[in-house]
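First comes the structure, then the notes that go with it.
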Amino acid sequence: MKNAGKIFIYVSLAFLIYYLYKKNFLQYPTVSSLTILSFSIVFLIIGFLFSVLQWQALLLLNGCQLCIKKSLISFGLTIFGKYIPGKLWMIVGRATYVAQATKFSISQLSLISLQSQFVTLWAGLLLGIIGVLLMGGKISWGWIIFLLWTCLSFVTFSKYLNTLTANTLSAILKKKIVIPFLSFFQIAKILPLFFITWISWIVGFYLLVVSIAPENPGLIVGFIFPLASCLGILAIIAPGGLGIREGVITSFLSMSGMSLEVSVMISAVQRMWFLFGESTFFLIGFLLNDFRLSLSLKHE
């Protein structure tokens, strides 16, 4: 298992570098204000910190108690797994680490991790819808996004669909399958953590745009980020949403009045900006794990 952990991390890093190079994201912009850029990074880091807290809180709601240190390790060391083609690694990675420190199985924790992903998408798309409405975007975009959010609401908070899915899997696999379910009112207790995560990134993205764009487009452009990120996550093929997120950001920035050249530049830069936050938490997870890239989590 230790070797598997090392392989997972090295492979995820290799795919990350490959796709950044292939998509030509390795570029640097002209920054008009280092102070504003610094604040954008502060809000970026705050968003990631609340991502860790929401993961820890959701585990607790499902009966799995994990300290903040191990939550950071499980989140940080597996953060680049989403760049491996296929969305499975994004879900299974952190679950695998937590399984080493708790009595929960990888399958149970993977389902909780999937549940976390659904709630994250639900909150992000909701804020994205608000952004589309405020921007006066094309009505087709608004209806498509609203339909996605509605479907996600049923998938995330419907007891009927939860039971139906579990029974279907049980029949196919010929063994009892139980999918963790939390009602909306149960998850509502920790929803502020999910919204704070996205709002921090909204502010951070807005400040990033201000620090490199020729003119201030207004805070409303910040809402482009959760929308683009969620659509990128929902894309089945693109690793880590690479290309999808950038395309959505370019489209909406252009709709807001920015030139195509500036929009494309910002869409590429935001990937490096977000990667800085991911790298920071990968490093934190690495250091907290006593400089060892393994699946072994020490019991405190």
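The values are calculated or read from the model by the stated rules, or taken from the named source; none is laboratory data. Predicted model, so just to flag it, every value in this text is computed and none were measured. Reconstructed Cβ throughout: ideal geometry from the backbone, glycine too, with neighbour counts over all protein chains shown. Heavy atoms of the whole protein, side chains included, go into the accessibility calculation; ligands, DNA and RNA do not. Shrake-Rupley method; radii C 1.70, N 1.55, O 1.52, S 1.80 Å.
What the table below lists for this structure:
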| quantity | calculated |
| --- | --- |
| Some residue of the range 287-296 being open to solvent by 50 Å² or more (accessible area, probe 1.4 Å), over 22 Å from Met135 (Cβ atoms) and at pLDDT 85 or above | yes |
| Scan of the range 21-44 for residues that are loosely packed, with under 15 Cβ neighbours inside 10 Å and modelled with pLDDT of 90 or more, ordered by number | Thr35, Ser38, Val42 |
| Meets criteria (at pLDDT 85 or above, under 30 Å from Ser251 (Cα atoms) and more than 18 Å from the chain's Cα centre (by Cα)) for Phe154 | yes |
| Criterion (of a type in the set (S, T, N, Q), open to solvent by 40 Å² or more (accessible area, probe 1.4 Å) and modelled with pLDDT of 80 or more) met by exactly one of Thr163, Thr168, Thr250 | Thr163 |
| Residues located in the range 175-204, provided they are in contact with a Pro (Cβ under 9 Å, 6 or more places away or on another chain) and not β-branched (Val, Ile, Thr) | Trp198, Trp201 |
| Failed criterion for Gln65 (all others in (1) open to solvent by 50 Å² or more (accessible area, probe 1.4 Å); (2) within 30 Å of Pro180 (Cβ to Cβ); (3) at pLDDT 95 or above hold) | (3) |
| Which listed residue, of Leu109, Leu133, Leu127, Leu121, is touching a helix residue (DSSP H, G or I) at 6+ places or on another chain (Cβ under 8 Å) and surrounded by fewer than 19 Cβ atoms within 10 Å (Cβ to Cβ) | Leu133 |
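So that you can scan it fast, the table gives a plain yes or no per residue for (1) more than 30 Å from Ser38 (Cα to Cα); (2) open to solvent by 20 Å² or more (accessible area, probe 1.4 Å); (3) modelled with pLDDT under 80; (4) small (Gly, Ala, Ser):
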{"residue": "Leu148", "(1), (2), (3), (4)": "yes, yes, no, no"}
{"residue": "Lys159", "(1), (2), (3), (4)": "yes, yes, no, no"}
{"residue": "Val178", "(1), (2), (3), (4)": "yes, yes, yes, no"}
{"residue": "Ser183", "(1), (2), (3), (4)": "yes, yes, no, yes"}
{"residue": "Phe194", "(1), (2), (3), (4)": "no, no, no, no"}
{"residue": "Thr197", "(1), (2), (3), (4)": "no, no, no, no"}
{"residue": "Leu208", "(1), (2), (3), (4)": "no, no, no, no"}
{"residue": "Ser211", "(1), (2), (3), (4)": "no, no, no, yes"}
{"residue": "Gly218", "(1), (2), (3), (4)": "no, yes, no, yes"}
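Yes/no matrix, rows are residues, columns are (1) part of a helix (DSSP H, G or I); (2) within 30 Å of Asn216 (Cβ to Cβ); (3) in contact with a Phe, Trp or Tyr (Cβ under 8 Å, 6 or more places away or on another chain):
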residue	(1), (2), (3)
Ile46	yes, yes, no
Gln65	no, no, no
Leu72	yes, no, yes
Ala95	yes, no, no
Ala101	no, no, no
Leu111	yes, no, no
Val119	yes, no, yes
Gly124	yes, yes, yes
